[in-house]
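S.K.: Quick one: the structure is below, and I'll ask about it shortly.
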Amino acid sequence: MPEGAHDLPTLDPAKFQDPFTTAKGETRASVSLSALETLWFNTGSLCNITCENCYMESSPSNDDLAYLSAEQVRTYLDEIRTKNLPVREIGFTGGEPFMNKDLVAMLDQVLEMGLNALVLTNAMKPLWQKREQLLGLQQRFGLDTIQAKLKLRISIDHFTQDAHEHERGPDSWAPMEQGVAWLRDQSFTIDVAGRTLWEETPDVSRRGYQCLFDAWGLDINAQDPARLVLFPEMDETLDVPEITTQCWGILNVRPDAMMCASSRMVVLRKGDDKPSVAPCTLLPYDRAFDMGTTLEDATGAVQLNHPHCARFCVLGGASCSVG
């Protein structure tokens, strides 16, 4: 962990206990679903690497979230179609999505419906092993459609190899660079996700990434927050203010700008017969946030009763979707 990253005190155990009331007895903020525009699928929590600060705790041994199947994904896509839901984007996260053998079949289903697809990936060996399948998507739908409808967001935790490998482990840079180069050469659309835990200003970070993008020949404007997403550190053991109904006005933040106002995520927990719907990508394990097994079940308001809700969304202003 970079020096100074844990300067905050630990979280007061009295916080985030009651869904409707804060530790101080104030009314906890909630977010209503404005319109379901982005549906995420967590393809499984297994990953080919173990990052030092992975909020998902993904690793080669964490299978707490089982692999979703293409058939299970199809069930939710059918619900979107039959109920004419306003979903425009389907996101895939993990773990490492390319470790799921059905991922490309899932992408095929999404593209067949004419929806946008976003895959969060480390661009390492699991992606490398599915190159022919990805090229098959280009052949099936055409390069123009793939460029417009499919985005791969590559996790590059820092624009320098040393810092990136501090997070992702030794020898994690070269395979990622190889994967990025292949995607670039095959004309896939690439975005990048970085971290803000390096005690650097956003301007310094974005200028550093721009130098990297230019050196690699990537057509990415690092000043565009949709093309380079910088995620705040998320450690639920560190202290963070609870969000009350009054905070919206104090912070000048709108509830409908929060991720859970327009997104939901489907997860399959190990041992469950069916997938469940969670409010967002940040809360895949906590059953207190389960919203049912269908998208129709998951239309209720979300109580911001978790440190990630405060740190990542309300105070950090971050989002996992394209824009």
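S.K.: Taking the residues in segment 135-167 that are more than 27 Å from N116 (Cβ to Cβ) and of a type in the set (D, E, K, R) as candidates, determine which candidate is farthest from the chain's Cα centre (by Cα).
M.R.: D162
S.K.: Across segment 290-311, what is the total count of residues that are in a helix (DSSP H, G or I), modelled with pLDDT of 95 or more and either of a type in the set (F, W, Y) or closer than 13 Å to C260 by Cα (or both)?
M.R.: First, the residues of segment 290-311 that are in a helix (DSSP H, G or I): 297-299, 307-311.
Imposing the further condition that a residue be modelled with pLDDT of 95 or more reduces the set to 297-299.
Restricting the remaining residues to those that are either of a type in the set (F, W, Y) or closer than 13 Å to C260 by Cα (or both) gives 298-299.
Count: 2.
So that you can scan it fast, the table gives a plain yes or no per residue for (1) among the basic types (K, R); (2) under 19 Å from F41 (Cβ atoms); (3) out of contact with any strand residue (DSSP E or B) (no Cβ under 7 Å at 6 or more places or on another chain); (4) assigned to a helix (DSSP H, G or I):
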site: L68; (1), (2), (3), (4): no, yes, no, no
site: T75; (1), (2), (3), (4): no, yes, yes, yes
site: V87; (1), (2), (3), (4): no, yes, no, no
site: V119; (1), (2), (3), (4): no, yes, no, no
site: L135; (1), (2), (3), (4): no, no, yes, yes
site: H158; (1), (2), (3), (4): no, no, no, no
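S.K.: In addition: Restricting attention to segment 229-256, which residues are touching a residue at least 12 places away in the same chain (Cβ under 8 Å) and not in a loop (DSSP other than H, G, I, E, B)?
M.R.: Initial filter on segment 229-256 (touching a residue at least 12 places away in the same chain (Cβ under 8 Å)): 229-248, 251, 253, 255-256.
V229, L230, F231, L238, T244, C247, W248, L251, P255, D256 - these are the residues of segment 229-256 that are touching a residue at least 12 places away in the same chain (Cβ under 8 Å) and not in a loop (DSSP other than H, G, I, E, B).
S.K.: Answer yes if at least one residue in segment 219-228 is in contact with a helix residue (DSSP H, G or I) (Cβ under 8 Å, 6 or more places away or on another chain), in a loop (DSSP other than H, G, I, E, B), modelled with pLDDT of 95 or more and within 27 Å of K15 (Cα to Cα), and no otherwise.
M.R.: No: segment 219-228 contains no residue that is in contact with a helix residue (DSSP H, G or I) (Cβ under 8 Å, 6 or more places away or on another chain), in a loop (DSSP other than H, G, I, E, B), modelled with pLDDT of 95 or more and within 27 Å of K15 (Cα to Cα).
S.K.: Quick one: V314 ticks every box in (1) in a helix (DSSP H, G or I); (2) in contact with a strand residue (DSSP E or B) (Cβ under 9 Å, 6 or more places away or on another chain); (3) crowded, with 18+ Cβ neighbours inside 10 Å; (4) not aromatic (F, W, Y) except a single one, so which number is it?
M.R.: Going through the list (1) in a helix (DSSP H, G or I); (2) in contact with a strand residue (DSSP E or B) (Cβ under 9 Å, 6 or more places away or on another chain); (3) crowded, with 18+ Cβ neighbours inside 10 Å; (4) not aromatic (F, W, Y), V314 breaks only (2).
S.K.: Here is a further query. In this structure, does L183 turn out to be in contact (Cβ under 8 Å) with a residue 24 or more places away in the chain, surrounded by fewer than 22 Cβ atoms within 10 Å (Cβ to Cβ), in contact with a strand residue (DSSP E or B) (Cβ under 6 Å, 6 or more places away or on another chain) and assigned to a helix (DSSP H, G or I)?
M.R.: Working: in contact (Cβ under 8 Å) with a residue 24 or more places away in the chain: yes; surrounded by fewer than 22 Cβ atoms within 10 Å (Cβ to Cβ): yes; in contact with a strand residue (DSSP E or B) (Cβ under 6 Å, 6 or more places away or on another chain): yes; assigned to a helix (DSSP H, G or I): yes.
In short, yes.
S.K.: Any idea which residue in segment 133-166 is nearest to G194 (Cα to Cα), counting only those that are crowded, with 17+ Cβ neighbours inside 10 Å and basic (K, R)?
M.R.: So the first thing to find is which residues in segment 133-166 are crowded, with 17+ Cβ neighbours inside 10 Å, and the list is 134, 137-138, 141, 146, 149-159, 163-166.
Subset that is basic (K, R): 149, 151, 153.
Numbers: K149: 22, K151: 16, R153: 10 Å.
Among residues in segment 133-166 that are crowded, with 17+ Cβ neighbours inside 10 Å and basic (K, R), the one nearest to G194 (Cα to Cα) is R153.
S.K.: Kindly provide the set of residues from segment 275-297 that are free of Cβ contacts under 8 Å to residues at least 60 places away in the same chain and either farther than 19 Å from D18 by Cα or acidic (D, E) (or both), ordered by number.
M.R.: Matches in segment 275-297: S276, V277, D286, D290, G292, T293, D297.
S.K.: Sticking with this structure for a sec: Test L39 against the stated conditions and say whether it is buried (at least 20 other Cβ atoms within 10 Å of the Cβ), more than 26 Å from A261 (Cβ to Cβ) and in contact (Cβ under 8 Å) with a residue 40 or more places away in the chain. Break it down stepwise before answering.
M.R.: Numbers: buried (at least 20 other Cβ atoms within 10 Å of the Cβ): yes; more than 26 Å from A261 (Cβ to Cβ): no; in contact (Cβ under 8 Å) with a residue 40 or more places away in the chain: yes.
Judged against the criteria, L39 is not a match.
S.K.: Could you list, ordered by first residue, the pairs with Cβ atoms under 6 Å in which the first is in segment 68-87 and surrounded by 17 or more Cβ atoms within 10 Å (Cβ to Cβ) and the second is among the aromatic types (F, W, Y), at least 6 apart or interchain?
M.R.: L68/F41; V73/F41
The values are calculated or read from the model by the stated rules, or taken from the named source; none is laboratory data. Remember, predicted model here, so these are calculated numbers, not experimental data. Cβ sites come from the backbone with ideal geometry, for glycine too, and all protein chains shown count toward neighbours.
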